[in-house]
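Novice: First the structure, then my questions, so here it is.
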Amino acid sequence: MRCFLIALLGLAMPALAAEPVLRPSARLLFKAPEMLQAGHCVAYEEGGAGWGSAEPEFYLRGTVVASEVQTRRLKTCPLVPGKNLDQYSREEFNRHALAFPCLAAGVPERDEQIGIVRVRITEWETPHAARAANAGRLFRGMFVDRKLEKNMEIELEADLLGLCR
């Protein structure tokens with residue numbers, strides 16, 4: 001009724017600001033916040049997705065310190081001309097991983113809501129083979145560009161984590 005009266009009287013309605021898009025990580029925190037409460041054991045896993053291996057080869061485990069939904073401005077992903085992501089050096093891969101989530105070239109910047117979980121690390125296993133340098137966040141005792149240490153804290157999107165087995 002109010003909208004009808006406003007239109008009838010010719011009054012302008014204030015423009016509604018575009019709501020930031022909810023990433024899957026934010027939806028997870030809204031739908032199942034109990035899964036990622038402080039103190040819960042969580043794991044981030046890489047590798048092991050092939051036919052021969054059901055278990056992840058590489059992982060880090062820790063306890064949830066905090067989780068929240070944040071609005072972040074997404075920018076264009078850093079690209080290396082003439083290379084695909086699987087051809088990146090470790091340094092190039094890290095630059096991309098640190099910018100993630102990011103947008104493809106030509107897509108305008110935008111705000112998105114992201115579910116972020118702060119994790120205190122308790123244990124890990126990382127790949128050491130050179131071919132793993134651009135395969136994931138875990139490599140040679142590092143998480144992206146940081147040396148892994150017991151009790152250090154990192155942040156990950158909620159949908160990248162699972163509960164410990």
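Novice: Collect the residues in the range 150-165 that are touching a residue at least 40 places away in the same chain (Cβ under 8 Å) and not hydrophobic (A, V, I, L, M, F, W, C), keeping them in residue-number order.
Specialist: Within the range 150-165, Glu153, Glu157, Asp159, Gly162, Arg165 qualify.
Novice: With respect to Asp86, determine if the residue is under 24 Å from His128 (Cβ atoms) and either in contact with a helix residue (DSSP H, G or I) (Cβ under 7 Å, 6 or more places away or on another chain) or not hydrophobic (A, V, I, L, M, F, W, C) (or both).
Specialist: Yes, satisfied.
Novice: Go through the range 107-119 residue by residue and tally those that are touching a residue at least 24 places away in the same chain (Cβ under 8 Å), open to solvent by 80 Å² or more (accessible area, probe 1.4 Å) and either at positive phi or part of a loop (DSSP other than H, G, I, E, B) (or both).
Specialist: Residues meeting the conditions: 1.
Novice: State all residues of the range 94-106 that are open to solvent by less than 80 Å² (accessible area, probe 1.4 Å) and either closer than 18 Å to Glu157 by Cα or assigned to a strand (DSSP E or B) (or both); if no residue qualifies, say none.
Specialist: Asn94, His96, Ala97, Ala99, Pro101, Cys102, Leu103 - these are the residues of the range 94-106 that are open to solvent by less than 80 Å² (accessible area, probe 1.4 Å) and either closer than 18 Å to Glu157 by Cα or assigned to a strand (DSSP E or B) (or both).
Novice: Identify, by number, the condition in (1) more than 24 Å from Leu22 (Cα to Cα); (2) in contact (Cβ under 8 Å) with a residue 12 or more places away in the chain that Lys147 doesn't meet.
Specialist: (2)
Novice: Could you check the range 135-165 and list, in sequence order, the residues that are surrounded by 18 or more Cβ atoms within 10 Å (Cβ to Cβ) and more than 17 Å from the chain's Cα centre (by Cα)?
Specialist: If the condition is that a residue be surrounded by 18 or more Cβ atoms within 10 Å (Cβ to Cβ) and more than 17 Å from the chain's Cα centre (by Cα), then Phe139 is the only one that fits.
Novice: So if I check each of Ala38, Ala99, Ala105, which one is under 16 Å from the mean Cα position of the chain (by Cα) and among the small types (Gly, Ala, Ser)?
Specialist: Result of the check over Ala38, Ala99, Ala105: Ala99.
Novice: If Thr122 satisfies all but one of (1) surrounded by fewer than 13 Cβ atoms within 10 Å (Cβ to Cβ); (2) of a type in the set (S, T, N, Q); (3) part of a strand (DSSP E or B), what's the number of the condition it fails?
Specialist: (1)
Novice: Determine whether Val80 is open to solvent by less than 60 Å² (accessible area, probe 1.4 Å), free of Cβ contacts under 8 Å to residues at least 60 places away in the same chain and β-branched (Val, Ile, Thr).
Specialist: yes
Novice: Return yes or no: is Arg61 of a type in the set (Lys, Arg) and in contact with a Cys (Cβ under 9 Å, 6 or more places away or on another chain)?
Specialist: Criteria met by Arg61.
Novice: Conditions: (1) part of a loop (DSSP other than H, G, I, E, B); (2) under 20 Å from the mean Cα position of the chain (by Cα); (3) at pLDDT below 90; (4) surrounded by fewer than 15 Cβ atoms within 10 Å (Cβ to Cβ). Pro56 meets all but one. Number of the miss?
Specialist: Unmet condition: (4).
Novice: Is it the case, given these coordinates, that Asn151 is closer than 18 Å to Glu57 by Cβ and either at pLDDT 95 or above or not in a helix (DSSP H, G or I) (or both)?
Specialist: no
Novice: What about His128, is it over 20 Å from Val65 (Cα atoms) and in a loop (DSSP other than H, G, I, E, B)? Please lay out each step first, then the result.
Specialist: Values: over 20 Å from Val65 (Cα atoms): yes; in a loop (DSSP other than H, G, I, E, B): yes.
Against the criterion (over 20 Å from Val65 (Cα atoms) and in a loop (DSSP other than H, G, I, E, B)), His128 qualifies.
The values are calculated or read from the model by the stated rules, or taken from the named source; none is laboratory data. Keep in mind the model is a prediction, meaning the values are calculated, not measured. Cβ atoms come from the backbone with ideal geometry, glycine included; neighbour counts cover every protein chain shown. Protein only, heavy atoms only, side chains kept; ligands, DNA and RNA dropped before computing areas. Shrake-Rupley method; radii C 1.70, N 1.55, O 1.52, S 1.80 Å.
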